[in-house]
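Notes for the one structure printed next.
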Amino acid sequence: MTRKETAPGARQPARFGLCYLDLDGFKAINDSLGHSAGDRMLVEVADRLQSCATAPGEMVARLGGDEFVALTTGPDTQREVNDLASRILGVLATPISLDGREFTVRGSIGIVEGEAGAFSAAEVLRSADITMYRAKSAGGNRFEYADAEADARAITRHGLTTSLPTALERGEFFIEYQPLVHLADGTVHGAEALVRWSHPTHGVLGPDRFIPLAEHTGLIVPLGRWVLEQSVRQARAWQEELAAGTFAGPLRINVNLSPAQLHHPGLVADTVEVLERVGLEPGSLCLEVTESALIGADEDLLKPLRQLAEMGVDIALDDFGTGYSNLANLRRLPVSVLKLDRSFTQGMQQHPADPVDIKIVEGIVSLAHSLELTVTVEGVETGTQAEHLRMLGCDTAQGWYYARPGPPEMLHTLSLADAV
């Protein structure tokens, strides 16, 4: 909300400041002590909030459940609403006694401040609600101010979330492929499958825009199964063209697995069913799992990956080096490929290369090879960088230096003459 320009000497327009409060963890009170105790807590919270709004132009109301609003009006609401929110958090800090036990109440507050009449009540409450959830996601027990750009992002996320389920049915997803290149000779070793969403309103969206939403809604499982099948079919088609002598392209396909897919009980059965139905050998498939998803993983989580690895499917540890995991854990993980995060090799894009990056990559490659793991490097953007990585013994690489992700037919015409 922004202040409008006012002519010199003109009367300042009325302003308002609204605090939208939601209690943090209130459901746990209801679940553990019952709704009667929860209602008594809400009464106490309401009394405390009322004690905060005693100045002229201030008021408090309960919207429902554990949500309240506090309103202040006047010429200086930017300062007053900040003070009001601080007072609210202050009075909530004193524990509340229920059935002989004391509970500390925390709250998240979204603040909207602006010119009265510039926005409808529905718009103000929507912005305050969005801002409150932003405060809650930042840890709670705090207040945040409304931000038009943040509101727009939240509204877009909500729209994408609600349209995800039908997007798969409507065929709005497609896959681009980025080649994986042998550093030793510049030949195409494989390709990574990267899903995209051709949204009717927002255009082509990368996975960072919708994969977290798909995980949150549970759609990641059917979407992941669709990506796996399409990618396996494409790999099989490439192999048939290779056998016919019409294509000298990748023999393997890399497919990303999200953390939610790792926990799905049908992961192994779905993968086996797709491979057998399409007719692709397990050794032609590599499943990529981020390092952060496997930090502290127990045997129950690793069991399906072990089963797939025993069948011949390669497991790649993606974004290696970003998860702060113990290197000794590599011995217990069923992985055969390390995908080194691009942050380790950015210092090699120019000559001379960063000596620290050289030493780090050299050490990782040595460790990986001693454990009989291959090393793939992401984000290769220059020939100098590729040469450094080749000299250090990295096995394969991908990045814009070779090709950006594109349609499967792109690999037919991909020229790697300058890759070595």
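Per DSSP H run of at least 4 residues, take -39500 (n - 2.57); add these up for the chain, divide by its residues and hand me the 222 nm value, nearest 500 deg cm²/dmol.
Rounded to the nearest 500, the figure is -13500 deg cm²/dmol.
Compute the distance in nm between two label points, each set 7 Å from the Cα along the Cα-to-Cβ direction, one at residue 133 and one at residue 360.
Going from the residue 133 label point to the residue 360 one covers 3.6 nm.
If each residue of separation counts as 0.36 nm, what is the full-extension length gain between residue 158 and residue 142 once their alpha-carbon separation is subtracted?
The span from residue 158 to residue 142 would gain 3.4 nm if fully extended.
Helix 77-92: angle to the longest alpha-carbon principal axis of the chain, degrees 0 to 90, nearest 10?
Result, in degrees: 90.
How big is the dipole moment of region 125-188 about its Cα centre under a simple scheme where the beta carbon of each Lys and Arg is +1, that of each Asp and Glu is -1, and everything else is neutral? Debye, nearest 20, please.
Using only the charged Cβ atoms, the result is roughly 360 debye.
Given a Förster distance of 51 Å, report the FRET efficiency between residue 185 and residue 217 from their Cβ-Cβ distance, rounded to the nearest 0.05. Walk me through the numbers on the way to the answer.
Values: r = 44 Å, r/R0 = 0.86.
Efficiency at R0 = 51 Å is approximately 0.70.
Quick one: divide the alpha-carbon radius of gyration of region 211-273 by 2.2 N^0.38 Å and tell me what you get.
1.34
Please report, in debye to the nearest 20, how large the charge dipole of the chain is about its Cα centre when each Lys and Arg carries +1 at its beta carbon and each Asp and Glu carries -1 there.
780
Taking Cα atoms, how many degrees apart are the long axis of helix 299-311 and the longest axis of the chain, rounded to 10 and kept between 0 and 90?
The helix 299-311 is inclined about 30 degrees to the chain.
With a point put 7 Å past each Cα toward its Cβ, work out how far residue 298 is from residue 351 in nm, to one decimal.
So the two model labels end up 5.4 nm from each other.
Candidates (1) 28.2; (2) 20.1; (3) 26.1; which is the computed mean projected area of the Cα convex hull in nm²?
Structure-derived value, by its label: (1).
With viscosity set to 1.306 mPa s at 10 °C, what whole-number translational diffusion coefficient in µm²/s follows for region 158-230 from Stokes-Einstein and a Kirkwood radius over Cα pairs?
119
Say the dipole of the chain comes from +1 at the beta carbon of Lys and Arg and -1 at that of Asp and Glu; which of 377, 207, 89 then lies farthest toward its positive end?
Toward the positive end, the furthest listed residue is 89.
Need the full-extension length gain, residue 79 to residue 149, defined as separation in residues times 0.36 nm minus the C-alpha distance. One decimal, nm.
Here the segment from residue 79 to residue 149 would lengthen by 23.0 nm.
Report in % the part of the accessible area of the chain that belongs to carbon and sulfur, leaving out ligands and nucleic acids; probe 1.4 Å.
53
So, R0 is 41 Å and r is the distance between the beta-carbons of residue 343 and residue 120; what FRET efficiency does that work out to, to 0.05?
Working: r = 46 Å, r/R0 = 1.12.
About 0.35, to the nearest 0.05.
Return the distance in nm (one decimal) between the two label points of a simple spin-label model at residue 243 and residue 32, each offset 7 Å from Cα along Cα→Cβ.
The modelled label-to-label distance comes out at 6.3 nm.
Kindly rank 374-381, 288-295 from highest to lowest mean number of other beta carbons found within 10 Å of each residue.
Answer by packing, highest mean first, reads 374-381, 288-295.
For residue 391, project a label point 7 Å along Cα to C-beta. Then give me every residue of region 362-379 with its amide nitrogen under 20 Å of that point.
362-367, 375-379
The values are calculated or read from the model by the stated rules, or taken from the named source; none is laboratory data. Keep in mind it's a predicted model, so treat the numbers as computed, not measured. Glycine gets a Cβ as well: all are built from the backbone with ideal geometry, and neighbour counts include every protein chain shown. SASA here: full protein model, heavy atoms, side chains in, ligands and nucleic acids out. Shrake-Rupley method; radii C 1.70, N 1.55, O 1.52, S 1.80 Å.
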